[in-house]
1. Of the numbered conditions (1) outside any loop (DSSP other than H, G, I, E, B); (2) out of contact with any Ser or Thr (no Cβ under 6 Å at 6 or more places or on another chain); (3) surrounded by 19 or more Cβ atoms within 10 Å (Cβ to Cβ); (4) not polar (S, T, N, Q), Asp153 satisfies every one except a single condition; which is it?
2. So which of Met357, Met346, Met350 is surrounded by fewer than 19 Cβ atoms within 10 Å (Cβ to Cβ), assigned by TED's automatic domain parsing to the domain that holds Leu203 and closer than 29 Å to Gln301 by Cβ?
3. Surrounded by 14 or more Cβ atoms within 10 Å (Cβ to Cβ) and either modelled with pLDDT under 95 or at positive phi (or both): which single residue out of Ile91, Ile99, Ile9 fits that description?
4. Out of Ala127, Ala105, Ala86, report the one residue that is out of contact with any Asp or Glu (no Cβ under 9 Å at 6 or more places or on another chain) and of a type in the set (A, V, I, L, M).
5. Give me the pairs: first residue in the stretch 267-281 and closer than 9 Å to Phe242 by Cα, second residue among the aliphatic types (A, V, I, L, M) and part of a loop (DSSP other than H, G, I, E, B), beta-carbon distance under 7 Å, and six or more apart or on different chains, which are they?
6. Condition (residue is surrounded by 17 or more Cβ atoms within 10 Å (Cβ to Cβ), in contact with a helix residue (DSSP H, G or I) (Cβ under 9 Å, 6 or more places away or on another chain) and at pLDDT 95 or above) applied to the stretch 64-73: is it met by at least one residue?
7. Conditions first: (1) surrounded by 15 or more Cβ atoms within 10 Å (Cβ to Cβ); (2) within 12 Å of Arg341 (Cα to Cα). Asn159 passes all but one, so which condition is the exception?
Amino acid sequence: MTKRWWLLIGLVGVLSVVGWRSLGISAGYITHGPSIAAGIGAKLLCSAEHVSGMSREQAFEDVRQYSPILNELTVTYDQEHDAVTASFWGISEKTARYIEGLGCAITFSDTDARNQITTVATTKSDAPWPLGSRADTIDPSLQVHVADIVREDNALGLNTRALLVVHKGRIVAEAYDQGAGPATPLLGWSMAKSLTAIMLGNLELKGMVDLSLSPGFPGWDQDARRTITTSHLLTMTDGLDFLETYEPGDNATIMLFDTPSASDYAMRAPASSTPGERYNYSSGTANLLARHYQNLLGSPQAAYDAFFQSIYEPLGMQNAVLEVDPSGTFVGSSYFYASARDWARMGQLMLNGGELMGRRVVSEDWVLRATTPNTSTNNKAYGYQWWLNRGNEELRFPLLPEDAYFANGNRQQTVMVIPSEDAVIVRLGWTSGAYPIDINVRSILDLLADAS
């Protein structure tokens, strides 16, 4: 055995004597930690390199913020094969590979269905946003304010990379930092969930799914999961036992970084409560929705084609990719990389009641249902994979209008939609801890009111 293996065995022995839990370390952390660490490094660094075009120094700094153990990664970049390999002490090693149009995924020797998917190149346009990439409707005073917010954020170490404001259907301010620009696809993490909901809404518009029915996953008709509907999944009230603490060894980290099929993993989650009664935030649920989307269409290729033709193109996406896992299924919980302007297109679609540039993507009724509080007893302020300001006894953001709703992702990614103000505000970055989204959005809304 290598010296590092002996060190790990010794560490496990010590922790067994003093007690893992007394130190705040779970058994799962020890069992899965090295593999999860290597998976995080390989996957995120591959996408940062090939999707976002971020500097390797910045990308590694982003990764290491999740845990001190990630400082111990050894990273190798294989430019010839568009791959990144991360090794944790030589104990566990993982490689992620990039495919144009599909992004990066960790490779598994027995699963790589991504190779069978034929992708389509994005058509760029210099027409005015949202049809194209031109933003020539900037308001000078608001632009100064937004640039000041970004500058002040980063002086405080909040790592804001994009802040964009849409008002009355036009981009009126946008500011970028830390190597990002208008065409930089940035990771939205759980904001992908909101996009996944839109994808199911599009199939409802086409008459391909009844959200009140079971998704019909194999084996679910044999146990308590038979009563789970697609609507339960959309509102995170499905009652499935899925742990999301983001510690190595919890359900979310194993699903994202240590298994070839995120949806297969989530499908095995047992029932723990009656559907509709309790809200439980779960990335596994979002990946079940992505799998349901694929099952309804018939194959990974059909799912990709439908997404590109019915979501990507109608929204006018210019710099974005929804990544798939090795099984070829969209990672609907986490892996949509998009520029601030593309994220804003998703928000504007919702603000417009499901239509953008004359093309209807979801019904107006679906948008209403998607932004209506759910039926749970513990957290009603959540719609169809969209967070709501209203729904509970108090507003989530008292400084903001009651009708505000938003997509939200790890590291404080936000697409805020405010119908009463006819505004969409996008914030992208890499903040460890809290971010004053309500204060900053309020200051922007006040300026918009003054300019009206």
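The values are calculated or read from the model by the stated rules, or taken from the named source; none is laboratory data. What you see is a predicted model, and the numbers here were worked out from it, not measured in a lab. A quick note on method: Cβ atoms are made from the backbone with ideal geometry, for glycine too, and the neighbour counts reach across all protein chains shown.
1. It fails just one condition, (2).
2. Just a single option satisfies the conditions, and that option is Met357.
3. Ile91
4. Ala127
5. Taking only residues 6 or more apart or on different chains, the pairs are Asn280/Met236; Tyr281/Met236.
6. Yes, the stretch 64-73 has at least one match.
7. Of (1) surrounded by 15 or more Cβ atoms within 10 Å (Cβ to Cβ); (2) within 12 Å of Arg341 (Cα to Cα), only one is false for Asn159: (2).
Residue-by-condition table, conditions (1) of a type outside the set (D, E, K, R); (2) surrounded by fewer than 20 Cβ atoms within 10 Å (Cβ to Cβ):
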{"site": "Phe242", "(1), (2)": "yes, no"}
{"site": "Thr245", "(1), (2)": "yes, yes"}
{"site": "Asp250", "(1), (2)": "no, yes"}
{"site": "Asp258", "(1), (2)": "no, no"}
{"site": "Asp264", "(1), (2)": "no, yes"}
{"site": "Ala269", "(1), (2)": "yes, no"}
{"site": "Ser272", "(1), (2)": "yes, yes"}
{"site": "Arg278", "(1), (2)": "no, yes"}
